[in-house]
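Below is one structure, written out as structure tokens, with a few remarks after it.
The values are calculated or read from the model by the stated rules, or taken from the named source; none is laboratory data. This is a predicted model, so every value here is computed, not measured. Cβ: placed from backbone, ideal geometry, glycine included. Neighbour counts: every protein chain shown.
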Amino acid sequence: MNLFEFVADRWDRISLEAWLHVSAVVQCTIIAAVLGVLIGVAVYRSPVGSAVATALASAILTIPSFALLGLLIPVVGLGTEPTVIALVLYALLPIVRNTIVGLAGVDPAIADAAKGIGMSRVGVLTRVELRLAWPAILAGMRVATQMLMGIAVIAAYAKGPGLGDEVFSGLVRAGSANAVNEALVGTIGVVILALLLEGVYFLISRFTISRGVRG
């Protein structure tokens with residue numbers, strides 16, 4: 001059975017796994033974005049706080065995904081829970097770092113001018129600083145998403161959702177019929193989904209970042 005016949009024969013299962021894969025990545029990126037922006041807002045005015053937050057987020061990336069999932073499984077069990085926790089933790093670094101860089105890069109004169117027309121500190125943050133930092137934050141989310149697309153494959157080790165099931169099944173059954181097809185479907189599927197999400201980010205950028213800011 002060639003690859004195209006394999007996909008056609010198992011389309012329902014493969015399409016469901018693809019949907020679960022991209023859904024897990026998108027949802028975990030959104031959760032990480034909320035946490036990362038909150039952390040960035042809390043520390044960007046403090047050089048020490050910024051350094052500590054970035055260092056802690058960086059330290060998480062030094063933990064191999066297999067090891068992190070192995071540590072989480074005895075605590076939260078198999079399935080969605082360890083997958084979500086691991087993906088969110090891995091997504092934090094680019095978002096935290098870019099939030100700090102984006103907020104720190106806002107011209108103080110702009111913030112002072114906003115205060116001068118009567119804006120509160122919260123108003124300056126939400127209506128001026130975060131808006132100006134948005135391109136950097138979006139870039140961090142973009143990097144995090146592409147990174148999670150690959151890491152989510154490893155989540156199959158913890159019985160997580162997604163195309164990792166195809167890849168692992170192909171590797172476990174190496175040498176048997178359709179083993180290569182399974183591995184190829186999982187791998188190519190992840191690449192296609194990553195490209196589609198890249199297109200989504202391009203559209204988000206076009207519609208949420210002004211032409212002057214994009215340069």
**Number of positions in region 117-160 that are assigned to a loop (DSSP other than H, G, I, E, B) and buried (at least 18 other Cβ atoms within 10 Å of the Cβ)** = 1
**Asked** Could you say whether any residue in region 148-157 is under 21 Å from Glu17 (Cβ atoms), touching a residue at least 40 places away in the same chain (Cβ under 8 Å), in contact with a Phe, Trp or Tyr (Cβ under 9 Å, 6 or more places away or on another chain) and of a type in the set (Phe, Trp, Tyr)?
**Response** yes
**Complete:** Note on Val7: of the conditions (1) among the β-branched types (Val, Ile, Thr); (2) surrounded by 12 or more Cβ atoms within 10 Å (Cβ to Cβ); (3) modelled with pLDDT of 90 or more, unmet is (3)
